[in-house]
Amino acid sequence: MGTRIVKMPDVGEGVAEAEVVEWHVKVGQSVLEDQVLAAVMTDKATVEIPSPVAGTVVALGGEVGSVLAVGSELVRLEVAGGGTEEVAAAPKQAAAAPESPSPAPASKSAAPTPAPAAEPAPRAAPRPPAEPVPPQPVTPGPRPAIAKPIASPAVRRRARDAGVDLRQVRGSGPAGRIGHEDLDAFLRGSAGAATGGGKVANTAVETVKMVGLRRRIAQKMAESKRRIAHFSYVEEVDVTAVEELRAALNAQHKSDDRPRLTLMPFLMQALVRAIADFPGMNALYDDEAETIERHGGVHIGIATQTPAGLMVPVVRHCEARGLWDFAAEVRRLAEAARHGTATRAELGGSTITITSLGALGGIVTTPVINRPEVAIVGVNRQVVRPVWQGGQFVPRTMMNLSSSFDHRVIDGYDAAQFVQRLKSLLEAPATLFIEA
Amino acid sequence: MAEINAKVLIVGGGPGGYVAAIRAGQLGLDVALVEQGGREGGLGGTCLNVGCIPSKAIIHAAEAFHHARQQASAKSPFGLSVERPALDFARTVEWKDGIVGRLTSGVGALLKRYKVKIVHGRATMVDGKTCRVDTDTGPETVRAEHVVLATGSEAASLPSLPFGGRIISSTEALSLPAVPERLVVVGAGYIGLELGMAFAKLGAKVTVVEAEERLLPAYDSELTRPVARRLRALGIEVLTGARAAGLSDAGDALRVSSQGAAMREIAADKVLVATGRRARTAGLGLDRLDLTMNGAFVAIDERCATSMLNVWAVGDLTGEPMLAHRAMAQGAMVAEIIAGQRRVFDAVAIPAVCFTDPEIVTVGLSPDAARAAGHDVHVGTFPFAANGRALTLGAEDGLVRVTARADNHLVLGIAAVGAGVSELSSAFALALEMGARLEDIAGTIHAHPTLGEAFHEASLRALGEALHI
């Protein structure tokens, strides 16, 4: 028996160390080749490390939470054969980075079918029959573990293009050889569709590289979701009054060069007022230093859809701005973001974020917090609904606010009070502008 | 300083590098290829310039000349006689150079067709994406998203026998101005024996010195026995278990020590050191990259990925087997991976051919290796002495051997030794890649009379059904 040391692989560009976040194996356990040994996390992603060889785990390189340098010992395995060898495991695929679309049935879902070291296909008798064997019914499903599936290069290539792990395909040929028809049957099976009516399973897989803004969005979103204990709170707001005010102001200033008001400036004004009472919402939480920065200035990020993807331009110092100022600044920034002319400064430094999909706003959303902020306010669609008021149904313009908070630093009670404050400000718009 | 930007930078224009470049070009990628040229290469690398191709040309010419001389000495079994054959060795070398020229310019034309930018000069990696090339017209910088390292290998000298003067590597042996009178070959591997036998046929007095106890240590004795017989017939002395200790004081002989024997001196006009090749990793700035090494080689995974993202390595640089066709397969695969296709190097076997006389070809596992891997095996061998075609060629020494699993008859390995068996390598490799069982080969009609029938019969024999033995 020899020893094989599986080293922490290079898990990505410029990553020097990674934290073990989960062990999938224990000392003494035997592992198969490609079985996942551990999940490790870098500042960018969590990556599963598969075993490059089969063997028995002799030692683990650390505990959950240990930070190991790239190239240091991750797992020590006892393997068949002599000598001590060091191997760098290849990182599987970033669990968070969606750069490679997970191959359909191949990877994780079917992997833990232990098939306890079954003898390779006992169907093949020592003296195979000479007459042609009637074709066996082909049923997709894992077959007994064989080190390497037997298949021609053309079959192997087709399988790889379709993202199929041939170890999951039952070969109907002699010695368990996998033919094109076996692969076809497997693909039909995994497509889950009956192939009547001349319909053919489309096995095309297009790999799109995650680059640029899309990649940054992916990293930021995943990071936010992973680190922050999100909770969302949805409240209904009667916006009839604020909508009437908005319409009146727009009518009044129809002819001058002031920008047309949307609901956004009112919401921003409401945020400024509510934050004055709840300064904990306008904060940045540095979870590594374990400090919370409460900001005096209210810098509101406005989630904006651009052709390249989601961007968050920032209206700075909202506490010092007025209604039309908000409107003008939001319009200017949104255009800059869409045309790609927004500066770095305009795209960063927010302390709280508003996300609105306008008419597409839906009933409820669960916004992802723009880390390291601690709160995000989502705006849902406005709808005129009959509301029971004063003994009768009256038509009111209703709108939901779906807000998410970082539960690590904000308690549910405070979040609820904050949203109720926003609601009361918006429902009685005069209070937005009265200096208390 | 000129700057070139490309999607793919390929360092080295040998079989691994140029195939990667052509394939990447076919797939529409923007490719730059750096080739240092010089004595050891140029486009086509070791293979085309100072390896596979020129050696085969010399071997062919040597065999033709040897054949004629045999006939002149009235040794022709079928009664042919020839008057005093002579060989103009300078023209042999010229002919060989012509073949090399045709092939290398062909590579150049293919690269041009696929719009590969060729940068002639010596490459030094600056980082994982940047390379400095010292060209005749000054330094240039090449930047690329992907880097494919394909710098190959070079002949390794022995500490006691540094190259220079009488001591030559295979490179010089292929461009000698004349056939040396006395040639000592150090190393009885395939390079040493191929060239040693060729020079013996050209008229040199050849002695082979091998440190191991047997010649062609990479092959089992069933396969090497016909080669040993032929070496004896050619008058080549093979000293096994012998170490080359350096040149004699006069510089005209090789001092050889063997266990339990006195130091011996073997007169030599040339000493060909063919003890191995080492990866060309020095002076390329590879130390500036964070590459995990596998001994002296660059470590790669099954996709030819190195330890650095988007830095790939193919060919001899990545270790054994150092074979051009392995490098080509790796190069093409890496190009496809860079183009976004899903590929891994999943070949069942890489054929290996030894162009000695007779030739040896192996694909897959030997019977011993298969047993060591835990398989119960059936082995079938068929001698060419029972093959009609071999007899009509006057080449009856040799055999074909098929190794298969006993339980399901899956063929695990095929080997042959005999004149011209290198051409059987395609059939052997195809059988393994297609997952053939013994019955598949037995059920394939092989043309008569051909050497390939021995493959058929060996498979039949493994099934206990041989017809002609």
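The values are calculated or read from the model by the stated rules, or taken from the named source; none is laboratory data. These numbers come from a predicted model, not from an experiment. Using ideal geometry, Cβ is built from the backbone for each residue, glycine included, and neighbour counts are taken over all protein chains shown.
Below is a table of values for the structure above.
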| item | result |
| --- | --- |
| Of all residues making up the range B:57-105, the number that are under 28 Å from B:I118 (Cβ atoms) and more than 31 Å from the chain's Cα centre (by Cα) | 0 |
| Filter pass, B:V179 being in contact (Cβ under 8 Å) with a residue 60 or more places away in the chain and surrounded by 15 or more Cβ atoms within 10 Å (Cβ to Cβ) | yes |
| Residue in the range B:422-432 that is of a type in the set (D, E) and out of contact with any Ser or Thr (no Cβ under 7 Å at 6 or more places or on another chain) present | yes |
| Qualifying positions in the range B:266-312 - buried (at least 18 other Cβ atoms within 10 Å of the Cβ), more than 14 Å from chain A (Cβ to nearest Cβ) and more than 26 Å from B:G192 (Cα to Cα) | B:L284, B:L286 |
| Test set (1) surrounded by fewer than 17 Cβ atoms within 10 Å (Cβ to Cβ); (2) within 12 Å of chain B (Cβ to nearest Cβ); (3) at pLDDT below 80 - A:E33 fails condition number | (3) |
| Filter pass, A:S232 being in the same structural domain as A:M311 (by TED's automatic domain parsing), out of contact with any strand residue (DSSP E or B) (no Cβ under 8 Å at 6 or more places or on another chain) and polar (S, T, N, Q) | no |
| The one condition in (1) within 14 Å of chain A (Cβ to nearest Cβ); (2) more than 19 Å from the chain's Cα centre (by Cα); (3) not hydroxyl-bearing (S, T, Y) that B:A429 fails to fulfil | (2) |
| Residue check for B:G388: small (G, A, S), crowded, with 19+ Cβ neighbours inside 10 Å and out of contact with any Lys or Arg (no Cβ under 6 Å at 6 or more places or on another chain) | no |
| Enumerated strands (runs of 3 or more DSSP E) restricted to the range B:247-344, each holding at least 2 residues that are touching a residue at least 40 places away in the same chain (Cβ under 8 Å) and more than 30 Å from A:D34 (Cα to Cα) | B:253-258, B:264-267, B:270-273, B:277-279 |
| Selected residue (criterion: surrounded by the most Cβ atoms within 10 Å (Cβ to Cβ)) from residues of the range B:327-351 that are farther than 23 Å from B:S366 by Cβ and facing another protein chain (nearest Cβ under 8 Å) | B:R343 |
| Condition broken by B:G44, with the remaining ones in (1) over 18 Å from B:A313 (Cα atoms); (2) small (G, A, S); (3) touching a Ser or Thr at 6+ places or on another chain (Cβ under 9 Å) satisfied | (1) |
| Qualifying positions in the range B:204-220 - modelled with pLDDT under 95 and among the small types (G, A, S) | B:A211, B:A218 |
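For every residue, the table says whether it meets (1) under 19 Å from B:L202 (Cα atoms); (2) in a loop (DSSP other than H, G, I, E, B).
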residue: B:G37; (1), (2): no, yes
residue: B:L43; (1), (2): no, yes
residue: B:T46; (1), (2): no, no
residue: B:S55; (1), (2): yes, no
residue: B:F78; (1), (2): no, yes
residue: B:V82; (1), (2): yes, yes
residue: B:A90; (1), (2): yes, no
